[in-house]
1. Let me spell out the model: positive unit charges on the Cβ of Lys and Arg, negative unit charges on the Cβ of Asp and Glu, origin at the Cα centre of the stretch 300-408. What dipole size does that give, in debye rounded to 20?
2. Accessible area of Lys651, 1.4 Å probe, to the nearest 10 Å²?
3. Helices from the chain with mean Kyte-Doolittle at least 0.0 and a Cα length along the axis of 18 Å or more, per DSSP H: which?
4. In the chain, if the dipole is taken from +1 on Lys/Arg beta carbons and -1 on Asp/Glu beta carbons about the Cα centre, which of Asn262, Thr101, Ser704 is farthest to the positive end?
5. Which order do the peptides 319-325, 130-136 come out in when sorted by mean C-beta neighbours inside 10 angstrom, highest first?
6. DSSP loop GluC sites (Glu not before Pro) in the stretch 660-730 with at most 14 other Cβ atoms within 10 Å of their Cβ, which ones?
7. If you keep only loop residues by DSSP, which GluC sites (Glu not before Pro) in the stretch 453-562 have at most 11 other Cβ atoms within 10 Å of their Cβ?
8. So how far apart, in nm, are the two label points at Cys533 and Asp38 if each is 7 Å from Cα heading toward Cβ?
Amino acid sequence: MLNPLCLLAVLVAVMAISFAAPAQNAPQDFTCFQTGSDYGPEIDIGSDVAVVYGVNASFPDRVALWREKGYVVSMMTGIAWGGYDDYYGSGDAFRRDEVQTDKTGKLWMHGNSTTVGYNVPTPSYVEYIKRVVDPAIDAGVRAIYLEEPEYWAVTGWSEAFKAEWQRAYNEPWQAPDSSPDAQYRASKLKYELYFNALKEVFEHVKRRAADKGIEIECHVPTHSLINYAQWRIVSPESHLMDLDAMDGYVAQVWTGTARSANVYGGKMKERTFETAFLEYGQALGMVRPTGRKVWFLADPVEDNPDRSWNDYKRNYECTVIASLMWPEVHHFEVMPWPSRIFRGTYPRVDLDSASGDREGIPADYATQILTVINALNEMDQADVRYETGSRGVGVVVSDTLMFQRADPEPSDAHLSSFYGLALPLVKHGVPVEIVQLENTLQPRCLESCKILLLTYEGQKPLKPAYHEALAEWVRAGGGLIYVGDGSDPYHRVREWWTDDGNDPETKAYDDLFERLGVADGQSTGCFSLTDACEVPVKVGNGYVRILQERPRDLARAQDGPATVIGLVAEMFECLGEKLTTQNHLVVRRGPFVVASVLDESVSDAPLRLDGAFVNLFESGVPVRQAVALGPGERALLYDIDYARRNGVRAKVVAAGARVRDERVEERSFHFVTRGPKATTANLRVLLPEAPERMSLSPETPLQSAWDAESGTLLMSFGNSAQDVAVDIEW
C-alpha cells in the first residue's frame with residue numbers, strides 16, 4: 001500500500017506546476033493569519049497570506065481553496081508537537097521514550113491531548129519532519145513556518161534525552177534537579193537539540209526548493225524569550241539567527257502571554273500592555289542587527305475560552321498598541337485561528353463558563369478587528385516620530401534566562417531579575433530597548449543605546465566575547481549599569497568563567513569587570529569595585545556603575561523602581577543629558593497615532609491629543625476633534641490633518657474591511673473592499689468635496705453621511721466575502 005505521505009506528495013506536486021513561483025516575484029506579505037480550516041466566507045479576512053496549518057490528506061484542497069480566493073499561501077506545523085500519530089504510534093507501540101518526561105515519569109502532552117506529546121527531537125524524528133514538510137515544498141508555498149520549538153524545563157528524564165546527554169557531553173546522564181550545574185547543562189542541551197533540529201529541516205527545505213527552481217522562506221513562530229523564561233520553557237530563540245537557512249520569526253505575543261502577572265513596586269498583577277511592550281521589544285532585539293524578518297502577532301481572543309468578549313477586547317487593544325510602539329516592524333500576523341474568532345462562542349461574563357451563557361462575536365468588535373487589520377497593512381511609514389521619555393536606554397537579556405528555571409534552585413518565579421530592571425523604565429514613559437546579549441557581536445547592535453542595564457542574576461553569558469563587545473561600547477562613550485550581588489548559585493556552574501568548574505568561586509561578571517578595569521581592591525585596575533558601587537566611574541569615554549543588589553529585590557520593594565530610575569538619571573547626567581520621564585508613550589507612524597497612558601506612573605494626568613482624528617478602536621470610526629486618555633487607556637488614531645498636510649486628496653482612512661486598489665482621479669475616487677460574510681464594513685473616507693454620486697458593484701445596500709467639518713464621508717454596508725468596487729464622484 002502506498003505510504004500516505006508519498007501519496008500526498010504526488011497530489012501536491014501536480015498543484016505545484018501551476019502555483020510555484022520564485023520568491024523574488026512574490027507579492028506583499030505585510031499581513032498573514034494561520035488557519036487549519038478550509039476556506040469559508042465568514043473567515044475571509046483579506047490579509048495578504050493564508051498560512052495553512054498542518055500537512056495531511058486535506059492539505060492540497062485547503063491550499064487550492066485559499067489560493068483560488070486570492071491569498072498567497074504558506075504552511076505551518078509544529079516542530080515540538082503535532083498530529084504525528086503515524087510517527088508516534090499508539091497503545092503499546094506509542095514511542096513514550098521520545099516524549100518529554102519529568103521526574104515523576106509523567107509524559108508532557110500538548111494541551112489536553114492524550115496522543116500529542118512534546119517530543120525529544122531525535123535524529124529519526126527530525127527525518128520524519130523533513131518528510132512532513134516535503135508536500136508543502138512541492139506545492140511551492142511562499143514560506144514554511146515551524147512553530148514553537150519548546151522543551152519544558154522541568155523535564156529531562158526520558159530515555160531519548162538521556163541518550164542525547166551521553167552523546168553531547170560524553171558522560172553519564174545526570175538528573176537535572178541534582179544540582180544547579182546539572183539543570184544548567186540540561187537546559188543548554190535542550191536549547192541545542194532544537195537548534196540542530198531546525199537547522200537540519202530548514203537546510204532540507206532550501207535544498208529541495210532549489211532543486212525545483214523555487215525559493216521558499218523558513219520562519220519560526222515562537223513566544224518571546226521573556227515569556228518562555230517565565231513559563232519555564234527552553235527554546236533556541238536568538239540562537240536561530242546563527243542559521244543561514246533561517247529567514248525570520250513570528251513573535252507570538254498575545255493576551256495569553258502578556259497577561260502573565262509580574263511584580264512592580266512590591267505588587268504582583270497583570271500588566272498586559274507593559275509586558276507586551278517588552279515582549280515585542282525583545283523579539284525585535286533578536287532580529288534587528290541581522291536584517292531578518294519579524295512578524296508581530298496579536299490575537300483578538302486567547303487560548304483560554306472562558307473569558308468574556310470585553311476581556312478579550314481590552315487585552316487585544318493592549319497588545320496591538322504595544323506592537324505598534326516598535327515602528328521598525330511592519331509585518332503582522334493579524335490573528336491565529338480566525339475560525340475561533342468569527343465562529344466561536346464565549347461567555348458573556350468573565351470566567352462564567354459554567355452558566356452556559358455564551359455568544360458569538362459582537363458585531364462592533366468584529367468591525368473593530370477588521371478596521372485594525374486593514375490599518376496594519378499601511379504601517380510601513382517612513383515618517384516616524386516619538387513623543388516619549390528619554391530614548392536610548394536598553395536592558396540586556398540572554399537566552400540563558402531559560403536555563404535557570406527549574407529545581408533544585410530555580411531563579412525568581414515571576415522573572416523579577418528582568419522585570420525589576422525593565423518595568424520601572426516603561427512605567428516612567430521611557431521606551432526601553434531589549435538588547436540581546438548574543439547579538440552584541442553583530443555590527444551596530446548597540447549603536448542606538450546610550451545606557452545599558454545588565455544583570456547576571458537569572459542569566460549568564462554564553463561567551464566571553466560578549467564582554468569585550470560591551471567593554472568596547474563603554475570605552476566609546478556608553479554608560480553601563482550592572483546590578484547584582486553575586487549570590488546566584490548558577491555562577492558556580494561548569495562554564496567558561498569557572499574554567500569548566502575548576503574555579504567555582506569566580507563570578508560570571510568578573511571577566512567583564514576585569515576588561516573594564518574594575519579591581520577588587522587587591523589587584524591592580526583603573527578603579528576599585530567600591531568606587532563603582534558609589535558613583536559612576538569613567539572608563540574611556542564612558543562610565544560604569546555597579547549596584548550590589550538583586551533585581552528581584554528591587555521589584556519587590558516599594559521604592560525599588562525609584563532606585564532604578566535614580567541610577568539611570570545619574571548615568572544620563574554623567575553623559576551630559578537629563579533623563580526625561582512622563583506617564584505616556586506616543587509614537588506617530590505617518591498619519592497613525594499610537595498612544596498609551598500608563599498607570600503606576602509619575603502622575604495620573606490625562607493625555608490630550610488635539611486635531612481631527614478617526615478612532616480606529618471604535619467600530620463606527622467617528623471623527624474626534626480631541627482625544628483625552630486617562631491612566632490605563634490606549635488609542636489607535638488616524639490623523640486627518642496629517643493626511644491633508646501631506647497632500648492627500650482622497651483616501652480610505654479607516655475601514656472594517658480590506659481596502660485595495662485605491663485610485664484618485666480629477667473628480668472621482670475608486671477602491672475595492674473585501675471582508676468576511678456577516679460583518680459590517682464601516683468606512684471613513686477623506687474627500688476634497690462632498691460627494692455627488694456613490695455606487696457599489698455588486699450593488700449593495702448602503703448607508704452614508706457626509707461630515708463637512710472634517711471633510712469625510714461615513715459609509716456603511718455589509719461584507720459578503722467578495723470584492724466590492726466602490727466609486728465616488730464629487
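1. That gives the stretch 300-408 a dipole magnitude of about 80 debye.
2. Probe radius 1.4 Å; accessible area of Lys651 about 30 Å².
3. Length and hydropathy pass: 4-19, 272-287, 363-376, 560-574.
4. Ser704
5. 319-325, 130-136
6. Here the sparse-neighbourhood loop sites are Glu665, Glu666, Glu689, Glu692, Glu699, Glu709.
7. Answer by residue number: Glu505.
8. About 7.0 nm, to one decimal.
The values are calculated or read from the model by the stated rules, or taken from the named source; none is laboratory data. Just so it is clear, the model here is predicted, and its values are computed rather than measured. Note that we place each Cβ from the backbone using ideal geometry, even for glycine, and neighbour counts take in every protein chain shown. For the accessible areas, the whole protein counts, side chains as well, though only heavy atoms, and no ligand, DNA or RNA atoms are used. Shrake-Rupley method; radii C 1.70, N 1.55, O 1.52, S 1.80 Å.
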